[in-house]
1. Quick one: is THR282 in a helix (DSSP H, G or I), of a type in the set (S, T, N, Q), open to solvent by less than 30 Å² (accessible area, probe 1.4 Å) and out of contact with any Lys or Arg (no Cβ under 9 Å at 6 or more places or on another chain)?
2. Looking only at segment 177-214, filter to residues that are open to solvent by less than 20 Å² (accessible area, probe 1.4 Å) and either within 15 Å of the chain's Cα centre (by Cα) or of a type in the set (Phe, Trp, Tyr) (or both); which one of those is farthest from THR300 (Cα to Cα)?
3. Regarding segment 162-170, can at least one residue be identified that is more than 30 Å from ARG305 (Cα to Cα) and part of a loop (DSSP other than H, G, I, E, B)?
4. Residues in segment 285-302: is at least one in contact with a Ser or Thr (Cβ under 6 Å, 6 or more places away or on another chain) and in a strand (DSSP E or B)?
5. Hey, among LEU69, LEU78, LEU144, which residue is away from the ligand (no atom under 11 Å from the Cβ) and open to solvent by less than 30 Å² (accessible area, probe 1.4 Å)?
6. Taking LEU40 as meeting all but one of (1) farther than 19 Å from SER10 by Cα; (2) among the hydrophobic types (A, V, I, L, M, F, W, C); (3) in a helix (DSSP H, G or I), write down the number of the exception.
7. Output the residue which, of all residues in segment 25-58 that are among the hydrophobic types (A, V, I, L, M, F, W, C) and more than 9 Å from the ligand (Cβ to nearest atom), is most open to solvent (accessible area, probe 1.4 Å).
8. Which pairs turn up if I take residues in segment 32-57 that are on the phi > 0 side of the Ramachandran plot and look for partners that are open to solvent by 50 Å² or more (accessible area, probe 1.4 Å) with beta carbon separation below 8 Å, at least 6 apart in sequence or on another chain?
Amino acid sequence: MPACTPTDQSILVTGGAGFIGSHLARAVTGDSTVHILDNLTTGRRKNVPSGATLHEADIRDDAAWPQSLDLIFHEAALVSVAESTENPTTSHEINVDATLSLLEQARTQETRVVLASSAAIYGHPNETPISESHSKEPTSPYGLDKLTIDHYARLYNELYDLETIALRYFNVYGPGQVAGDYSGVISVFVDQALSGEDITVYGDGQQTRDFVFIDDVVQANRNAATTDAVGEAYNIGTGESITIRKLAELIQDITDTNSDIVHTEARAGDIDHSEADISKATEHLDYEPTVSIREGLEQTIEWYRNQHAN
Ligand SMILES: NC(=O)c1ccc[n+]([C@@H]2O[C@H](COP(=O)([O-])OP(=O)(O)OC[C@H]3O[C@@H](n4cnc5c(N)ncnc54)[C@H](O)[C@@H]3O)[C@@H](O)[C@H]2O)c1
C-alpha cells in the first residue's frame, strides 16, 4: 500500500538535519510547510531540504519551538548509547525532559506527535522475533530514556487524548548516514570497504540484526501521520534478520573491495539476536517494508561512493 501523505499541514521535524529526519523532511516538504528544529550536533545544514525552514536551536530551549503546528515528527536525540552511558543526566535532559516539554506544547496546540523510539528499549531479547509486548529491560541510559518517552507518548494519549504514536526503530540504514564512532555498523563497514581497510567484525559475527532501509522508515512515519490507530507503539524493522558476518560479506561483494573481513574481540554487552515482529505495524499502519537488504545496500553504497569521490 502506498504511503499516505500528510498535506497542507504545518509540520515540525526535530532533528531534521540528521539522517532519518532529513529524509523525512524531504518526503513531506512541498505538500506541507516544514520547519526543522536542530542544533546541528550530528546533523548537517546541507541536509536541510530546500523549501524547509531551519531553526538552529536546542530542543531543550522551549522558546525555540515554532508555534501553530499540525504535526511533529520528533527525531532529535542524543543518539549515542556510549555517550548516554558517559553522561546519563545530559542524555535524560535531551531525550526525556525535552520530549516531555514537546508533548506539553503539543497538548496545548492539539498537535499530533510521531516520535522516534528504539529497539534499544527491549534490552537483551529473550526471544525473536520481538513483539511490542516483549519485556523491556534497557541496558543503557539511552534505552531507558527511549522507553520513558515511549510510555509518555501512550500516557498523553490516554490522559489528554493527544494523538501520539511511538515508532520503535530497529537498525536503520541508507544514504546520508554518516560513518562515525557511534553510527550504524553498515556505514562503518561500507566506509572500511571503500577505503580498502579491513572490515572489522566484533566477535564471531553470528550476531543477527534487523536492518531497515530509510525509505521504509519514512513510509512508516508518513502512515503514522495519518493513521487512526493512535496511542500505540509500533516496531519498525523488516521482520527479517541477517548475521553481521553475512552483512560484511554482502558489502564486500557489492563494493568489489579487496578488503578482508577480520574478527576482533566481541564487544561486552552486545545483543546476540534482534529481529522485529512487525505484524502490529502491518495491520494498523499498513506498513510494508519494500526494500531488500541487497537493494538497500546497493543504494547506500552508491551514495558512499559519490561521497568518497567528492
Ligand atoms: N539510526 C537508527 O538506526 C536508529 C535506531 C533507533 C532509533 N533511532 C532514533 O531515530 C532518531 C533519529 O536518529 P538518526 O539516526 O537520524 O540520528 P542523527 O544523529 O543523524 O539525527 C539526530 C539529529 O538530532 C539533532 N540533535 C541532537 N541533539 C539535539 C538537541 N539537543 N537539540 C536539537 N537537535 C538535536 C542532531 O543534530 C541530528 O541532526 C533518534 O531519535 C534516534 O534515537 C535511530
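The values are calculated or read from the model by the stated rules, or taken from the named source; none is laboratory data. The structure presented is a predicted model; accordingly, all values stated were derived computationally and were not measured. Note that we place each Cβ from the backbone using ideal geometry, even for glycine, and neighbour counts take in every protein chain shown. Keep in mind that these areas ignore ligands, DNA and RNA; they rest on the heavy atoms of the full protein, side chains included. Shrake-Rupley method; radii C 1.70, N 1.55, O 1.52, S 1.80 Å.
1. For THR282, the condition - in a helix (DSSP H, G or I), of a type in the set (S, T, N, Q), open to solvent by less than 30 Å² (accessible area, probe 1.4 Å) and out of contact with any Lys or Arg (no Cβ under 9 Å at 6 or more places or on another chain) - is not met.
2. By that ranking, first place goes to ASP210.
3. Yes, there is a match, as at least one residue in segment 162-170 is more than 30 Å from ARG305 (Cα to Cα) and part of a loop (DSSP other than H, G, I, E, B).
4. So far as segment 285-302 goes, no, none of its residues is in contact with a Ser or Thr (Cβ under 6 Å, 6 or more places away or on another chain) and in a strand (DSSP E or B).
5. LEU69
6. Here LEU40 clears every test but (3).
7. Among them, the one singled out is LEU54.
8. Hits for this filter: LEU40/GLU56; GLY51/GLY30.
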